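Trainee: A single structure is presented below for examination.
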Amino acid sequence: MKKEKNSLGNKIAEWSEVPKDVALGMPILTVTGQTELRLENYRGIAEYTDSCVKVRTKVGLILIGGRSLQVEYYTEDEMKVSGYIRTVEYQQ
Amino acid sequence: MLRKLVQYGKGYLKIHVSGYFAERFLNGCSHKKIRLWDLKPVPGGYEMCITISGFRKLKPIIRKTGTKVVIVKRSGLPFLLFKYRKRRLFFAGSLLFVLLIFLMSRHIWSIEFSGNQSYTDDTLLKFLLTKDVHAGMAGSDVDCAGIAADIREAYHDIVWVSASVDGTRLKIRLKENDDRLLDDDKDKNEASENTPAPTDLVADMDGTIRAITPREGVVLVQEGSEVKKGDLLVSGQVPVRNDQQEVTGYQYHQADAQILAEVSTSYQDEMDLFYIKKDYDLVKKREVFLQVGPWRLTFGSIRNSYDYWTMEGYEKELFGNMHFPWKVSYGSRTASPYHASREKYATERIRQVLSTRFERYKEDLEKKGVEIIENDVKIYTESETAVADGRLLILTPIGVSRPSQLLEVQTAEEENEAGE
């Protein structure tokens, strides 16, 4: 993460005030309560069970843990996970 | 909801994907912009929904990822139509339905009026029928401006009309002239000004004059003078005198004055001492009905052999905003039997009822500008009835307008002849 923060791309993005999801392709997570999660800017699903969804992104893996998880839709731009979300974890 | 409808309309498949690289299959789909939804992990793989067009693009992904795809379920309109492709009558019916909806929606099926008070809907509908505007006519034939102009022309007291077509309904909003009566009076006055016919103010009841505020005409009574019904109070013929104070003619006016008189009037109000008391039984007979034009379909019956019973019910119109050859309505009626017994009102109750009525009478008088000076109304109870009886002394405006009897002008010659 530290490396990421000090990277040239990050500095340019900060200096030019361009949103980082656009400039660096960083993932955007929108969590509604504990039951809904929208994810943008990802590379693909690495693993999917009803208790864990692992998504590959540019900054690493994002691990969504919980119960009765279900991917409501999965497109190139956006995916939506519903169910009971307990954790959202970043892994390098 | 809309998305689901679109999905149903376009058709979709539920597929089962199994294999070692099932996740790669998912990523491959997203890379090829194939939309997947309702993605579920199941033993041995994943289940998901996919569009028909998306499914057709799957072949290279399946080959690359080495997964196995099995169709679990086909849903949507294209599959339904394919399934029932041999039912030609069904398709013909559906087509006819769409066609009828299309054709019928091009006609006017209901005419709605609002704002009419003195003219009923039926009257206006009959009028519109004479102008060839009726339910069932083609929507393109409706000339809203023409309808508004026709109504305004035919009914002079309708001051504003607006006609508009809302779907298959012709909405006619109108405004009637609320001041019609006042205008009529004004017209009469204007007419009388053109042809001045004098009117007098005549007493319409016996009484003693207490106050006079003259406005037009010659006042013939004084404060304190007693007048009988029919006596002339104010004359509309104002004499014109010459230098010798002789009457040379009359100017004609509409006599007008506010004259207050003390009038004695009687008050009598009667009520029965007995009334019918209704003790309702717990038993009731009820019927529910559906009425289509003259035909009525009933469930249950209120037919009975009770000695005394009351009936209550309701009727509600169905499809009120659509045009049908017959009115369709539903409702219910309930017959409740009761035992009738003749009971006598309590004295207190009689006093209360008669007093309330008398109070209301007094309020009505006061609203008319009448002042009550004295009243000796008392309540008497007889064998069958109770009576409130007495006299009231009231201070009330009197005088009604009557056409004058024209007075002849006595000329000097006639006077001389009379003198000789």
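Just so it is clear, none of the values below were taken in a lab; they were calculated from the coordinates. None of these values were measured; they are calculated from a predicted model. Glycine gets a Cβ as well: all are built from the backbone with ideal geometry, and neighbour counts include every protein chain shown.
Trainee: Enumerate the calculated ³J(HN,Hα) couplings along the stretch B:107-116 in order (Karplus 6.51 cos²θ - 1.76 cosθ + 1.60, θ = phi - 60°), each rounded to whole Hz, writing x wherever the residue is Gly or Pro.
Mentor: Along the stretch B:107-116, the couplings run 10, 8, 10, 7, 10, 10, 10, 9, x, 7 Hz.
Trainee: Just give me a number: lysine pairs in the stretch B:275-344, eight or more positions apart or cross-chain, with C-alpha atoms less than 21 Å apart. Let's see the in-between values first.
Mentor: Values: B:LYS277/B:LYS285; B:LYS277/B:LYS344; B:LYS278/B:LYS344; B:LYS285/B:LYS316; B:LYS316/B:LYS327.
Lysine pairs meeting both conditions in the stretch B:275-344 amount to 5.
Trainee: If you rank B:LEU365, B:LEU99 by fewest surrounding Cβ atoms within 10 Å, what's the result?
Mentor: On the way: B:LEU365 17, B:LEU99 10.
Ascending number of Cβ neighbours within 10 Å: B:LEU99, B:LEU365.
Trainee: Going out from 0 in 10 Å bins, what whole percent of all Cα-Cα distances in the protein assembly as shown drops into each bin?
Mentor: In whole percents, the pair-distance histogram is 3, 9, 10, 9, 11, 13, 11, 8, 8, 8, 6, 3, 1, 0, 0.
Trainee: For a quick check: sort B:THR396, B:THR381 by the number of other beta carbons within 10 angstrom, fewest at the front. Kindly include the intermediate steps, with their values, before the conclusion.
Mentor: Working: B:THR396 20, B:THR381 12.
Result, fewest neighbours first: B:THR381, B:THR396.
Trainee: Another one. Using Cα-Cα distances under 8 Å and only pairs 6 or more residues apart, what relative contact order does the stretch B:40-190 have, in percent?
Mentor: 21 percent
Trainee: Counting other Cβ atoms within 10 Å, keep those with at most 15, restrict to DSSP loop, and tell me which chymotrypsin sites (Phe, Trp or Tyr not before Pro) in the stretch B:285-346 are left. It would help to have the intermediate numbers written out before the result.
Mentor: Numbers: sites: B:PHE289, B:TRP295, B:PHE299, B:TYR306, B:TYR308, B:TRP309, B:TYR314, B:PHE319, B:TRP326, B:TYR330, B:TYR338, B:TYR345; in loops: B:TYR306, B:TYR308, B:PHE319, B:TRP326, B:TYR345.
Sites meeting the loop and neighbour criteria: B:TYR306, B:TYR308, B:PHE319, B:TRP326.
Trainee: Another question, then. Please list log₁₀ I(q)/I(0) at q = 0.06, 0.10, 0.12 Å⁻¹ for chain B, using the Debye equation with identical point scatterers on the alpha-carbon positions.
Mentor: So the normalised log intensities are -0.70, -1.10, -1.15.
Trainee: Pairing the Cα long axis of helix B:347-367 with the longest principal axis of chain B, what angle in degrees results, from 0 to 90 and rounded to the nearest 10?
Mentor: Taking the Cα atoms of chain B, the angle to B:347-367 is about 80 degrees.
Trainee: Would you work out the relative contact order for the stretch B:2-82, in percent, from Cα pairs under 8 angstrom that are 6 or more residues apart?
Mentor: 49 percent
Trainee: Additional query: Give me the three principal axis extents of the stretch B:2-82 from the C-alpha atoms, as integers in angstrom, largest value leading.
Mentor: Sorted largest first, the three principal extents are 36, 25, 23 Å.
Trainee: Identify the trypsin sites (Lys or Arg not before Pro) of the stretch B:57-162 meeting these criteria: DSSP loop state and at most 12 other C-beta atoms within 10 Å of the C-beta.
Mentor: Working: sites: B:LYS57, B:ARG63, B:LYS64, B:LYS68, B:LYS73, B:ARG74, B:LYS83, B:ARG85, B:LYS86, B:ARG87, B:ARG88, B:ARG106, B:LYS126, B:LYS131, B:ARG152; in loops: B:LYS57, B:ARG85, B:LYS86, B:ARG87, B:ARG106, B:LYS131.
Here the trypsin sites (Lys or Arg not before Pro) that fit, given the DSSP loop and packing criteria, are B:ARG85, B:LYS86, B:ARG87, B:ARG106.
Trainee: How many angstrom lie between the C-alpha centres of the stretch B:62-136 and the stretch A:13-49?
Mentor: About 45 Å separates the Cα centre of the stretch B:62-136 from the one of the stretch A:13-49.
Trainee: At most 10 other Cβ atoms within 10 Å and a DSSP loop assignment: could you name the GluC sites (Glu not before Pro) in chain A that fit? All intermediate terms of the calculation are to be shown ahead of the outcome.
Mentor: Numbers: sites: A:GLU4, A:GLU14, A:GLU17, A:GLU36, A:GLU40, A:GLU47, A:GLU72, A:GLU76, A:GLU78, A:GLU89; in loops: A:GLU17, A:GLU76.
Hits after loop and neighbour filter: A:GLU17.
Trainee: Still on this structure, I have one more. Check cross-link reach from B:LYS378 to the lysines: straight Cα distance under 16 Å, and skip same-chain residues fewer than eight apart.
Mentor: Filter leaves B:LYS362.
Trainee: Which aspartates and glutamates have a Cα less than 17 Å from the Cα of B:LYS228, not counting those fewer than 8 places away in the same chain?
Mentor: Counting by Cα, and skipping residues close in sequence, B:LYS228 has these aspartates and glutamates nearby: B:ASP200, B:ASP204, B:ASP206, B:GLU262.
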